Structures are given as C-alpha cells and as structure tokens.
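Here the structure comes first, spelled out in structure tokens, and everything after it is commentary.
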Amino acid sequence: MNNIATMLLQRISLGLLTLFIVSLIIFLGVSMLPGDAAQAILGQAATPDTVAALRKQLGLDLPAHLRYINWLGGILQGDFGTSIGNGREISEVIGIRFANTIFLAAFAACISIPLSLLLGILAALYRNSIYDRTVNVVTLSSISTPEFFVAYILILFVSVKAGWFPSLSNIQGETGFLERLNKTFLPAVTLTLVSVAYMMRMTRAAIINLLSQSYIEMATLKGIRNPRIIIRHALPNAWAPIVNVIVLNLAYLIVGVVVVEVVFVYPGLGQLLVDAVQRRDMPVVQACCLIFAVTYVTLNLIADILSILTNPRLLHPK
Amino acid sequence: MSSDTPTSNEILLEVSGLKIEGYSEGRWHQIVKGVDFTLRRGEILGLIGESGAGKSTIGVAAMGYAKPGCRISAGSVRFDGIELTTASEEQKRQLRGARIAYVAQSAAASFNPAHKLIDQFSETVVQHGIGSREQAYADAKALYAKIRMPEPDLIGFRYPHQVSGGQLQRAMTAMALSCRPDLIIFDEPTTALDVTTQIEVLATIKDIVRQFNTAAIYITHDLAVVAQMADRIKVLRYGESVEESETRQMLDDPQQDYTKSLWAVRSFRKTEKPPLPETVPLLHIENVTASYARSLDPVLIDIDFEIHRRETVAIVGESGSGKSTTARVITGLLSPSQGRVVFDGVELPADYRNRSRAQLQQVQMIYQMADTAINPHQRIRDIIGRPLSFYLNMEGEAKKRRLRELMEMIELDPDQYLDRYPEELSGGQKQRICIARAIAAEPKLIICDEVTSALDQLVAEGILRLLDRLQQELDLAYMFITHDLATVKAIADRVVVMLQGRIVEQGAKEEIFSPPHHEYTELLLSSVPEMDPDWMQRVIEERRSKSGMESAGN
C-alpha cells in the first residue's frame, strides 16, 4: 500500500503545483489587459483624482506581487472579492451559478456515461457489424457538428415543432427538482450528443485492444460465452483508458458548456463568465477562470488516481 | 510408457485429412497440409516439430478452434462422435473447457491479471453448469493440494502476478482439470520455465493425467520432454506428418531422415584447441555488487570471475539469477555500487558514457531476439555497415569489400542478402546478421545473451558451429549467457553457475559437469531432461527418497 500512497501523494502535489501556476497565469493575464477596474467603474468621465482614490480603496495601487498575494490569500479563505458590476460578494454569486453548472453537467453525465459504455461494449462485442458501423457513423456525425448547431436543431424540432420540452432553461433558486430536469433536458441532451462519441469509441477501442491477449483466447477455449468474455475478462483490464476519457469528458461538461449555456439562457458559470467579460468585471472573470481550472485539474487528478487504482498489480502487491 | 497405462481401445479423437489455412499478404496459405491421427481414452500423444511445423495450430484444431486469421479448410475432427468442423459455435463452446481443455505456453499471459486464480478455476465449472462456486472452490483447494502447491487453501486467492511462474503453470494445469475433461491439449506448457521448475511441472502433469485417465495431446519442440510425457510421438514438419510411432520405438529406431537429424542435434562439441599463452586476463570482474536503485536490494553480490583470450565462459542460472545484469555491468549500462571491471589490465569507467570509443569497440553484444535487436527499416548493408563506419571510419570501396567479407564469414551470399530487409530473412539468418554486426567492430569479447534459445535446435546448432569457427579464426572470447545446459556442454571452456545474484560455483567445464557438485549445480544438472523415457520417474524418486531421508534425519 505504501507504493500507492507515495504515488497518490506525488500526483496530488503535482496537481497543486499546476493550480499554483494556473493562478499566476490568470492573474498576470488579467492584469495585463488595458484599463483597470477603477476606470471601468467610474467610466470615461471620471477625473484622474477620483480614479486614483478608488484605486487606492480597491488596493489596485499596490505592486503586482502584493496584489497577487492578497487575491490568492483571500481565495484560500473563500473570499473572491466583490464584483465591480453590482458590488455583491463574488463567492455568493458564483456559488449559485456553479451549483447550476454542476447540476447540468451531472444530468448530462447521467445520460451520456452509461449510454456510451453500453454502446461501446456492444460495439466491441459486435465489432465490424452493421450495428457497430451505424453507431460509429451516428456518434461521429454528432460530434462533428458544432454544439450550438446541435442545440438549435433540438430546439427547432423537439421544442418548437413538437413542444415536448421548453427551449429556455431559465431556472431559479425556487425551481423544483422535476421542473429543473424538464427545463434542462435539452441542454443535457445537447451535451450528451457532443460527448458520447469520445467515450463510446474509447470503450470500444480499449476492449478490442485486449481481445488479442492470451487470456481472452484462454477464456474462449474455456468455453466462456462472448458477452461474458467482454464484460468479465476484457472490461476490467480496460478501465484505465476508459476512466481517463470519461473524466476528461466530465471536465468538458463542466468547463466547456459556455456556448450551450448561452444558447439555452441557462444561469450557469459559463454564462456568468461571458457576462463578466462583457462588463469588464475582472474579479469575477478571475474567479470563474480559477474555478474552471480547479475543476479541470481535480478531475484529471481523479482520472490519474482511478487508473492507478484499477491496476491489479498495484492494488494487490506481492 | 504404454505398459503401465490403462488405455482402453475406445477412440476419443479422430483427426483425418486436416487442412488449415492462414491468411497473409492478401491470400490464404495452407499451413497444415492434411494430417491424420487418432487418440484413445487415457492416451498421451506427443506432437513434435520445429517452429512453423503447425503443432499449435493442429492442437487447437482438436478443439474445433482456429486461431484468428486461420481457418480449417478441409478434413475432419471427430471428438467422441461429434464432428467439430461442422458443429455450431454453441456446441463447440459447450465442449470447450468442459470436455476438452487447453493449457497454454505462457501461464503468465493466459491468466487474466484482474481475477484471482481460484475464480478463474471456478468460472469454467460454474459457466458450464457443472457445479456451484463453493463446490468448485473446494475442488480447487483439493487439486492444489494434490499437485503440491504451497498453502493449497490460500494460494487460489492470490492474483496471477503474486505467484511464481512454475506455480502459475501448475495452477493452469489444475484449471484445465476443473471440469474433469476427457482430453487436455498441452501447448508447450514448460517452454517458458527454468529447468529446475520444468521437471516439477512435468511431473505434476504426468501424475494428474494418469490419475484421472485423461487423454492428452502434448505439443513441444523439446525431444527429451516429449520422451517423458508421451505414449506415442508424431513428428511434424511444414504442416505435414513425418512419422508416428510408440515413444520407445521412435527414440530407438526413427525411420525418416528428418527425425534422425532431430535426434542427432545434440552431438555438436566445440573444437578443442591449445590455450593461448597466459597473460593478463582479457576481462576481470572484480568483486562487483550492483543494484538497480540505491534503495533496492542488490541483484549482484560479490561477482568475481575472469575471461581469457579465445575462451568461452558460460554463465548459467535460472531467470532472475543475475546473468543478464552481469552483462549490463560489463557493457556499462549499469554502474556497480562496489567493485570494478578490468579489461586487458585497464579499469573500464563504470558508465558506458565515460568510455572511449576504442573501449566500447572491444566488447560487443548479441541478443536473444534478433528481431528486436536489428532495425527493421534498415537494409542488411546498413545494419552491418554501421559499426564499420562508427568504430573503424571505413567508407567507400573499403567498406563495400569488408561487407562482402563479413557476409561470407557468416555463410550468407553477399549478392543475395546485402540489400535485403531483415523481414525477408529467417530467424537463424537474422541471428547471423547480428553476429556479423558484432564481429564487424573487430571486438575482443562478445557477450552472447541466450542467442540460441529462440531458435529451433537444428538452426541453433548452425549458429553454435558458426560462433565456434569465428572464435578459431578471430581469437575471440565469448561470454555465453544461457539457461540451456546442453548448449553449455557443447560450447563452454569454463562455467560460472549463478543463483540469486551470487556465484555458487565456477571452474573448467569438465570440473563443473563431473561430481562432486555444489548442491545447486547438482539440482540444475539433474533437472535437464534426458532422452530416456524413464529419466523423469528416476529423478523424482531419487529426490523424494533423499528428502525423505533428510527429514527423517532431522
């Protein structure tokens, strides 16, 4: 077990290092943009004196490294600062938005992960059959279509023409769970359509890759049925690559949803980010970027750890 | 040993006119060209032949199975009245594992790494509806005990990578027995094992097959092994049957020239020649201790031996004994933590990166797998030409002339082979190319790491003869790493026996091979199968009576 502990510790410290570097890049990137928050708040008409006074009040006159330390120190205590746009606590605004984004991602994941595993396993079992080819063509087509286009197609047919699901996902704090599901159904399906292909194809490839192994031939010669060979003998050894691509897709579902959120007017983190960029609300932009980065790094870390943990040689040392 | 075998006359398996085709380069090639044999209940048939003879293909065809890319194109395989070539997949599936079982060459690759041994054992039983998981567990433990696995009640709960190679191979034999099949196909089950382990596995297989009166097809390229195992032997070549007869008759009186040539293989002995006048040893490994990482236990402990000019020193030992690691220390790939390597009176820097080109030139290597040791995208001309330009700055006409000389030295026609790619050559020819590349550098010492173990016996003998002749002509010294004691007898002047990173015994070949032996050398020597069909029985009985005496003495 010692071995695994060391390995996990290594991965976690690497993850923390990555986050530190990312936070630096975000901070430097934002502070290199022309103009600053004080200017933005007071507008073009402000006198240099008032701008300077506000800068002092916001701490913008301090040297960059001090501002970075203040910013990072605040975040570590859960304080993301205040929004310039409306003066509210950023952590408060982001909290609700982030929860919404996670809700949508979880919804999409609940559809897409089981679906793609199932499709992938079946494709491996009936490889090179009509079924296999059809699934490949369909998923590849849906992944090759831009997500906003998929979204509009869905809105046109499922919402406007058929009227089954609403085209706007404008949920609020008091929206009930079932209604939430109903309202977020179309964005979740959009996300599923654009992410299933990766996971399904990786599942199929990872399993087929193993079918030339001696232990698969052995299972055949033991008289084991084909479905059982795939599920019992191939799948447990294929987890590492599959888990990796699943987690990467989860990261995409959380971080990459900006366009889908905008199309469906869904109050998630992505839309908050777009709004903040338009309003030059830098503290909010920084906070959103950092949260996306943390999510991405954490999920990748989980993928790493899971693929270590699914290796029987590491899990059951001599 | 047909005399003591309770074979009935009932025919269990009848193969006739079996033809199998393999698909390559866009068309079907015949790889098995009409083979017939029959097998009675409780009988063991040995299938023997060199690589490419179609042994394994025929073996699995007896289960109605064709390997990927192969198909049974003609003939009949009748198992207990069922015609397997026309049976449905479901019919065959019901037979496989339950009535015909398979034991593969590499147990390490054929056990699923993700499941415990006992679960892989019970799977066959449960899936064929023969018994419950609990019954299978109990049976597995009983079988493990019967084949004398350590801790039979617990060992099944380990994962494949947690037990040794020999134990794994025995566990696979137990697994094949899980449904008490009528027929087991053994496909080179001991080829990947050390000799000391091999004899135990062979004894297990023989015991168990006799006890349950199971019929078996035993596939191997090793004549001495098949002599121990089979009632009858069938010799195969290029997918055709050469001859077939009772084991003793086949050993004493082979009819066909090809069989006689197989039987005669082990006759080669190196040329004896006067030793060169003694000066400083060519290579002296002085008290070397080495490990792969500072934190790990050393893999070599206090290794000390010499190699003299025009001498062949054989390093023998089981896998993991440190033979190849010693070669890595000599070539500078692994720096020792203690001790030094002295070449021709001069200490070599521990790391090859600090050695001069002239120092590197002195020691060359030939590897076990010629396939992976040469670049498949280079022509033979470039493969052998590289050391010429790298070490000797040879270019142009001189290089062309030298290339032709080298090809003639390894007995390959330069006009025909120089511009070919490795994949157009056979395994033995590729190994010759590796030899040419080594001697092209004009070294004083060549390290040969298991150079014949991937080759058929006839081809391997050709390689040994070539190496012997080159030694005479070029005054080369060889360090010969091998686990094959027949090769050692054929080619060595001196022998170093290694066990677990230490040298347990070293000396002239005659000394090592004549008693009294060191205890481990004794074990090693007595484990090498002999062509006598009674050999295994004798050795096992001797060992048991000896260990019986020891335990009585204690």
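The values are calculated or read from the model by the stated rules, or taken from the named source; none is laboratory data. On a predicted model such as this, the values are computed, not experimentally measured, just so you know. No Cβ is skipped: glycine too gets one built from the backbone with ideal geometry, and neighbour counts run over all protein chains shown.
Yes/no matrix, rows are residues, columns are (1) at pLDDT below 80; (2) among the small types (G, A, S):
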residue	(1), (2)
A:M1	yes, no
A:I4	yes, no
A:L9	no, no
A:L24	no, no
A:I41	yes, no
A:A53	no, yes
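From the residues in the stretch B:426-451 that are at pLDDT 85 or above and assigned to a loop (DSSP other than H, G, I, E, B), which one is surrounded by the fewest Cβ atoms within 10 Å (Cβ to Cβ)?
Checking each candidate, the answer is B:E442.
Given the criteria more than 9 Å from chain A (Cβ to nearest Cβ) and buried (at least 20 other Cβ atoms within 10 Å of the Cβ), does B:T124 qualify?
no
Applying the selection to the stretch B:47-71, what residues are of a type in the set (D, E, K, R) and within 12 Å of chain A (Cβ to nearest Cβ)?
B:K67, the sole residue that qualifies.
Here's the yes/no breakdown for (1) surrounded by 14 or more Cβ atoms within 10 Å (Cβ to Cβ); (2) assigned by TED's automatic domain parsing to the domain that holds A:C289; (3) under 30 Å from A:A234 (Cβ atoms); (4) in contact with a Cys (Cβ under 6 Å, 6 or more places away or on another chain):
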{"position": "A:G43", "(1), (2), (3), (4)": "no, no, no, no"}
{"position": "A:A46", "(1), (2), (3), (4)": "yes, no, no, no"}
{"position": "A:D49", "(1), (2), (3), (4)": "no, no, no, no"}
{"position": "A:A64", "(1), (2), (3), (4)": "no, no, no, no"}
{"position": "A:G81", "(1), (2), (3), (4)": "yes, no, no, no"}
{"position": "A:I84", "(1), (2), (3), (4)": "yes, no, no, no"}
{"position": "A:S91", "(1), (2), (3), (4)": "yes, no, no, no"}
{"position": "A:I113", "(1), (2), (3), (4)": "yes, yes, yes, no"}
{"position": "A:L119", "(1), (2), (3), (4)": "yes, yes, yes, no"}
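If B:E134 satisfies every condition in (1) assigned to a helix (DSSP H, G or I); (2) within 14 Å of chain A (Cβ to nearest Cβ); (3) at pLDDT 90 or above but one, which is the exception?
Evaluating B:E134 over (1) assigned to a helix (DSSP H, G or I); (2) within 14 Å of chain A (Cβ to nearest Cβ); (3) at pLDDT 90 or above leaves (2) as the failure.
Could you please let me know if B:S319 is modelled with pLDDT under 90 and either assigned to a helix (DSSP H, G or I) or aromatic (F, W, Y) (or both)?
no
Can you name every one of the helices (runs of 4 or more DSSP H) wholly within the stretch B:1-112 that holds 1 or more residues which are in the same structural domain as B:R158 (by TED's automatic domain parsing) and hydroxyl-bearing (S, T, Y)?
B:55-61, B:107-110
Assuming B:I72 fulfils every condition listed in (1) β-branched (V, I, T); (2) within 19 Å of B:V225 (Cα to Cα); (3) over 27 Å from the mean Cα position of the chain (by Cα) apart from one, which condition is it?
The one condition B:I72 does not meet is (2).
Of the residues B:I540, B:I503, only one is surrounded by 19 or more Cβ atoms within 10 Å (Cβ to Cβ), within 25 Å of the chain's Cα centre (by Cα) and not in a loop (DSSP other than H, G, I, E, B); which?
Checking each option against the conditions leaves just B:I503.
Out of the stretch B:141-195, which residues are away from every other protein chain (no Cβ under 14 Å), assigned to a helix (DSSP H, G or I) and over 23 Å from the mean Cα position of the chain (by Cα)?
B:K141, B:A142, B:L143, B:Y144, B:A145, B:K146, listed by residue number.
Quick one: in the stretch B:127-175, of everything that is aromatic (F, W, Y) and in contact with a Gly (Cβ under 9 Å, 6 or more places away or on another chain), which residue is surrounded by the fewest Cβ atoms within 10 Å (Cβ to Cβ)?
Applying the filter and picking the extreme gives B:Y137.
Going by the structure shown, is A:F20 of a type in the set (A, V, I, L, M, F, W, C) and surrounded by 14 or more Cβ atoms within 10 Å (Cβ to Cβ)?
no
Take the residues of the stretch A:197-240 that are within 23 Å of A:V135 (Cα to Cα) and of a type in the set (V, I, T): which is nearest to the other protein chains (Cβ to nearest Cβ)?
Among those residues, the one meeting the criterion is A:I229.
May I ask you to say which residue of B:E408, B:E473 is without any contact (Cβ under 8 Å) to a residue 12 or more places away in the chain, assigned to a helix (DSSP H, G or I) and of a type outside the set (S, T, N, Q)?
None of the others qualify; the one that does is B:E408.
Looking at (1) modelled with pLDDT under 90; (2) touching a Gly at 6+ places or on another chain (Cβ under 7 Å); (3) more than 11 Å from chain A (Cβ to nearest Cβ), which is the one condition that is false for B:V77?
Condition (1) is where B:V77 drops out.
Condition test on A:R280, is it within 14 Å of chain B (Cβ to nearest Cβ) and either touching a helix residue (DSSP H, G or I) at 6+ places or on another chain (Cβ under 6 Å) or polar (S, T, N, Q) (or both)?
no
For the subset of the stretch B:80-111 comprising residues that are within 7 Å of chain A (Cβ to nearest Cβ), in contact (Cβ under 8 Å) with a residue 60 or more places away in the chain and surrounded by fewer than 22 Cβ atoms within 10 Å (Cβ to Cβ), which member is farthest from B:T173 (Cα to Cα)?
B:A98
Give the residue, chosen from A:L248, A:L272, A:L235, that is buried (at least 19 other Cβ atoms within 10 Å of the Cβ), assigned by TED's automatic domain parsing to the domain that holds A:S159, over 30 Å from B:P160 (Cβ atoms) and not basic (K, R).
Only one candidate qualifies: A:L272.
Kindly indicate whether B:M531 is touching a residue at least 40 places away in the same chain (Cβ under 8 Å) and buried (at least 19 other Cβ atoms within 10 Å of the Cβ).
no
Among the residues of the stretch A:204-217, what is the count of those that are among the hydroxyl-bearing types (S, T, Y), surrounded by fewer than 17 Cβ atoms within 10 Å (Cβ to Cβ) and part of a helix (DSSP H, G or I)?
Final tally of qualifying residues: 1.
How many residues are under 18 Å from A:M202 (Cα atoms), more than 15 Å from the chain's Cα centre (by Cα), aliphatic (A, V, I, L, M) and more than 14 Å from every other protein chain (Cβ to nearest Cβ) when one looks only at the stretch A:241-269?
0
Out of the residues in the stretch B:52-73 that are more than 14 Å from B:E240 (Cα to Cα) and in contact with a Lys or Arg (Cβ under 7 Å, 6 or more places away or on another chain), which is surrounded by the fewest Cβ atoms within 10 Å (Cβ to Cβ)?
B:S73
I want to confirm something. Restricting to the stretch B:112-121 and keeping residues that are among the hydrophobic types (A, V, I, L, M, F, W, C) and more than 9 Å from chain A (Cβ to nearest Cβ), which single residue is surrounded by the fewest Cβ atoms within 10 Å (Cβ to Cβ)?
Here the answer is B:I118.
Give me a count of the residues in the stretch A:165-182 that are surrounded by 11 or more Cβ atoms within 10 Å (Cβ to Cβ), assigned to a helix (DSSP H, G or I) and free of Cβ contacts under 8 Å to residues at least 24 places away in the same chain.
Counting residues in the stretch A:165-182 that are surrounded by 11 or more Cβ atoms within 10 Å (Cβ to Cβ), assigned to a helix (DSSP H, G or I) and free of Cβ contacts under 8 Å to residues at least 24 places away in the same chain gives 2.
Given (1) within 14 Å of another protein chain (Cβ to nearest Cβ); (2) closer than 27 Å to A:P166 by Cα, where does A:H316 come up short, assuming only one miss?
Tallying (1) within 14 Å of another protein chain (Cβ to nearest Cβ); (2) closer than 27 Å to A:P166 by Cα, A:H316 fails exactly one: (2).
Looking at the stretch A:185-203, can you tell me whether even one residue there is farther than 25 Å from A:F264 by Cα and surrounded by fewer than 20 Cβ atoms within 10 Å (Cβ to Cβ)?
So far as the stretch A:185-203 goes, no, none of its residues is farther than 25 Å from A:F264 by Cα and surrounded by fewer than 20 Cβ atoms within 10 Å (Cβ to Cβ).
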